[in-house]
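Each reported figure results from applying straightforward, stated rules to the coordinates on display, with no laboratory input. Just so it is clear, the structure is predicted and the values come from calculations on it, not from any experiment. Note that we place each Cβ from the backbone using ideal geometry, even for glycine, and neighbour counts take in every protein chain shown.
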Amino acid sequence: MVHEFLELLVLASFTVMVPSIPWWAKLDGTFSCDDAVATDSGYWAPFDTGMGGSVHALTVYNGELVAGGDFSTASGAAAEGIAKWTGSAWVSFVGGGVDHGGIAHLIVFRNWLVAAGNFDIIGDVAATNLAKWDGKRWSKLSDLYFYDVSGLAVYNDELIVAGFSSAEDARKNIAKWDGSTWSALGDGLEEIPDAIGVHGGKLYASATLPFPASGDGIWSWEGKTWALFEDDLGDRVFAFGSYDGRLVAAGRFRTIGGVSANSIAAWDGTTWTPLGSGLGTGLGNQHVDVLGDCNGNLWAGGYFEKAGGATASHVACWDGSNWSSPGTGVDNGVSSFTGYQGSLAVAGSFATADSIPVNHIARWTVDTIFENGFD
């Protein structure tokens, strides 16, 4: 009875009104979950004692939640850059962690877990900055060396990797891997993408426009060539997503395609539309780094203090008409989130959520007593 009473107190205490790049958060934080919904009642909770450093990437592999980042401890025990959740605590990844640096991106491709970051060895295998886990052991993908990976995506059953590589051909800034061989996408991109994403059967990339043009743009892959999709951007795009059948772009811009939009906008096939008054204050370096579509609700995370003009600390939800904040949010930037076992797992550089110590990773869980949650 005491436990049930305390649980009800917690549920009553954390209520959210929801009406119905940095470099590490370019794509892999983007998630989709069919059963997760936002409601008007929920609360933040920790994953045990969390991590000893920032978490940059989350994914679910073979039903287990996996986190990657710059940490060297998880749940107070040694875990070098990657850990998995047992249901009660974080443990070091079974195949071992990285030798230095950390993990910036995680994605599931076929039956592999792919990790990218800043390392030379993962487990006991030499695999500079990019490696795959097959359920038993780590291995490098191939001999194409990436100095820096800015994004990962899966497109047409191929792994797309964006970043600066050792290739001196069209694979230099973006390449695809079919499970055995690297190849180029047309003539490639002249600049390293800030973000890549897939929507409506197309691959999109945002990058600085090549000389002599100035500013930033969005490119779309047309199957054989890249096309300049948007060249009128007020600033950089750090994340792509899908919402209500539309492409969503988010980042640090204040205009896109000649339309005023505060860090986030949706493309309906003809024009860009702002999502309400957007995210951030419109001043300084506030920006969006991660997007996700959850059963009719769009989640956004990053480094911002406003959503729809109201206070929203680094994470917010759009229901199609309004922005709202889950509780009082978190105290620092959000770089990744994913749906996991009825909750939304949220990761970043923050230490607290709703003033609760969580150490870089937390979960937002709605009140399931009324059967309206991440089910």
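A few remarks follow.
- For segment 218-325, the convex hull drawn through the C-alpha positions has a volume of 92 cubic angstrom per residue.
- Protection proxy ranking of 145-155, 270-280 - average other beta-carbon atoms within 10 Å, highest first: 145-155, 270-280
- Answer label for percent of Cα pairs over 36 Å apart (calculated), chosen among [x] 18; [y] 26; [z] 38: [x]
- Debye, to nearest 20: dipole size of the chain, +1 on Lys, Arg Cβ, -1 on Asp, Glu Cβ: 300
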